[in-house]
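Have a look at the structure below, then the notes.
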Amino acid sequence: MAAVRLSALPAITGEPDPAGADCVGCGRCCHHGPSTVTLFESDEVRMGPDLLAQYTVLERRPPGFRFVKNNGHACGALDVSRPDHYPCAIYEVRPQGCRTVEPGSPCCMEAREKGHLGDSVLFLRSDRAAAT
Ligand code: SF4
Ligand code: SF4
């Protein structure tokens, strides 16, 4: 897959609250390119048909993976209606991949330093990664 050129947000220094209290004011790990956050079958069941239709897109080429929508540099489920405020619109039912990014983890710290998701965590399905 071709690398996506991301417009980075400013870096944030310091350790975030491990319980996630700083996440809404950060949102760096939710800034990434298209086809980044993939959904497993369990994610699809948890989200249900209405949210799937609103926030996800089915890849056309076989085998047709489903991804959370993306605007080119940020997740389509990221609510950017308020400046410097980055709540996830589907937080309670967010995909499994998003749940692997823990505040203060290497992935989180890399995203805070770069201003967008880095390479520490790949949301790609293992079968997709093997096919590309
Ligand atoms: S980069 Fe870290 S602090 Fe920022 S939103 Fe993601 S998990 Fe939270
Ligand atoms: S689904 Fe929510 S938690 Fe996951 S990348 Fe998008 S905005 Fe962030």
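The values are calculated or read from the model by the stated rules, or taken from the named source; none is laboratory data. This is a predicted model, so every value here is computed, not measured. FYI the Cβ positions are ideal-geometry reconstructions off the backbone, even for glycines, and counts take in every protein chain you see.
Details
- Considering segment 23-45, and only residues there that are more than 10 Å from ligand 2 (Cβ to nearest atom) and small (Gly, Ala, Ser), the residue that is surrounded by the fewest Cβ atoms within 10 Å (Cβ to Cβ) turns out to be Ser42.
- Enumeration of residues in segment 68-106 that are in contact with a Gly (Cβ under 7 Å, 6 or more places away or on another chain), of a type in the set (A, V, I, L, M, F, W, C) and under 20 Å from Ala21 (Cβ atoms): Leu78
- The criterion of being within 10 Å of ligand 2 (Cβ to nearest atom), in contact with a helix residue (DSSP H, G or I) (Cβ under 8 Å, 6 or more places away or on another chain), among the aromatic types (Phe, Trp, Tyr) and at pLDDT 95 or above holds for Tyr86.
- Looking across segment 70-102, the residues that are more than 11 Å from ligand 1 (Cβ to nearest atom) and of a type in the set (Asp, Glu) come down to Asp79, Asp84, Glu92.
- Cβ-Cβ contacts under 7 Å between residues 6 or more apart (or on different chains), taken from a first residue in segment 34-54 that is touching a residue at least 60 places away in the same chain (Cβ under 8 Å) to a second residue that is within 16 Å of ligand 1 (Cβ to nearest atom) and part of a helix (DSSP H, G or I), are listed as Val37/Gly97; Val37/Cys98; Thr38/Gly97; Phe40/Gln96.
- Residue check, Asp50 crowded, with 19+ Cβ neighbours inside 10 Å and not in a strand (DSSP E or B): no
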